[in-house]
1. Among the hydrophobic types (A, V, I, L, M, F, W, C), assigned by TED's automatic domain parsing to the domain that holds V22, at pLDDT 95 or above and under 30 Å from M269 (Cβ atoms): which single residue out of I248, I195 fits that description?
2. Is one or more of the residues making up the range 329-348 at pLDDT 95 or above and in a helix (DSSP H, G or I)?
3. Out of the residues in the range 133-179 meeting the condition of being under 21 Å from L73 (Cα atoms) and either at pLDDT below 95 or part of a loop (DSSP other than H, G, I, E, B) (or both), tell me which one is nearest to the chain's Cα centre (by Cα).
4. Of the conditions (1) closer than 29 Å to A376 by Cβ; (2) part of a strand (DSSP E or B), C39 satisfies every one except a single condition; which number is it?
5. Among (1) of a type outside the set (F, W, Y); (2) on the phi < 0 side of the Ramachandran plot; (3) surrounded by fewer than 22 Cβ atoms within 10 Å (Cβ to Cβ), where does L24 come up short?
Amino acid sequence: MGNPITSAMQSAVEDRIFPGAVLLVQFRGQPVYSGAFGCAAVIPQPVPATLDTVYDLASLTKPLATATGIVSLIQDRMVDLNDALETYVEELHGTDIGAATVHRLLHHSSGLPGWRPLYEDIAIQERQRPGFLGSEAAKKFAIAYIAREPLAYQPGSKSVYSDLGFILLGLLIERATGLSLARFCKKRIYQPLGIHGLLFVPRAVDQSGLDGEPLVRAPIAPTENDPWRGRLLCGEVHDENAYALGGIAGHAGLFGTAAAVMALAGAWMHGYVGRDSFWPCDLIRRFVARDSNTPESSWGLGWDTPSPPSSSGEHLSPRSFGHLGFTGTSLWIDPESELTVVLLSNRVHPTRQNTSIQQFRPLIHNIIYETIVGSAESG
């Protein structure tokens, strides 16, 4: 009898839930499953997915770059959760959103709406001033744009998942450190942890060089045949607002392999259980715990928690934390069973109209839990 995890993944490819995917599972600190399925690309010609395929991680950028960056800055005593945004982004001084705390922004309870098409206005500026897109001026334009946005609700009264809030958090990290978000994450987080497969791919820097090093040593899975940009996207961020900001942003822009995502997930798991921790245990636990002050919210700080119906399925413990990415990526970590699941796909290839992954995610997590944790408990 075949492995039910493998069968489910193969069926997902056959049913066109995604063209291909990489799945990694760790249990009690040990790798227990790895597989690459289907194709990394189907156009212009088929390219098989491999364990080394680099995927556009989309909103996994929020926990794996921005929230991890904030944790590191708090540890370094450079930022506090109660600090106001305007402390670091001086252009926001005196505005409603400038008064929002780092905690509120991480918790998606700052009052900001979820999304606005910043890229459309930045593209207009680019046509008038070539070179504007991706420049420091574009970042300042984004700050001014968000500052004009009326708050959509009373801060702290509820959580509304917000790309805009994480764009501002990414800029806060840059202002606090004097480094780009990409350089800060590489220098302070990824390199010290020995992680080489997580990176931003800045616009206008070809893949053969950044700081004298090859950017990407493995094939990148393309995403959408994008009607706005008029081309198949490969090695440039799928998210339009992140693209307009130069490919490096707090809400999207990170690329990576499944092994690299698993390595950083392992650092969070170790922090949670207090084992060989890169960050203080109490700080990690604060970030990944649901905020009880907002009863109807499932959010921690930069991380989500299971809330039925959850993409994590039916079995992960309430202490679990994770996140999804629009391109077809997900990460769930259960410190109670010590189970970590990384699923990377490019379900938006060649079009974002394919949304079948929404039904598949809980299914595959159920199968993984029943096959691996259930077998261990019954054995």
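The values are calculated or read from the model by the stated rules, or taken from the named source; none is laboratory data. What you are looking at is a predicted structure, and each value in this text was computed from that prediction instead of being measured. As a convention, Cβ positions derive from the backbone with ideal geometry for all residues, glycine included, and neighbour counts pool all protein chains shown.
1. On the way: I195 fails: assigned by TED's automatic domain parsing to the domain that holds V22.
None of the others qualify; the one that does is I248.
2. Within the range 329-348 (the criterion being at pLDDT 95 or above and in a helix (DSSP H, G or I)), the answer is no, since none of the residues qualifies.
3. L179
4. (1)
5. Going through (1) of a type outside the set (F, W, Y); (2) on the phi < 0 side of the Ramachandran plot; (3) surrounded by fewer than 22 Cβ atoms within 10 Å (Cβ to Cβ) one by one, L24 breaks only (3).
Here is a yes/no grid of residues against (1) outside the structural domain of R104 (by TED's automatic domain parsing); (2) crowded, with 21+ Cβ neighbours inside 10 Å; (3) in contact with a Gly (Cβ under 6 Å, 6 or more places away or on another chain):
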position: A289; (1), (2), (3): yes, no, yes
position: L331; (1), (2), (3): yes, yes, yes
position: Q353; (1), (2), (3): yes, no, no
position: S356; (1), (2), (3): yes, no, no
position: F360; (1), (2), (3): yes, yes, no
position: T371; (1), (2), (3): yes, no, no
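Yes or no, residue by residue, for (1) of a type in the set (G, A, S); (2) surrounded by 23 or more Cβ atoms within 10 Å (Cβ to Cβ):
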position	(1), (2)
Q10	no, no
Y33	no, no
Q45	no, no
P48	no, no
I70	no, yes
M78	no, no
G114	yes, no
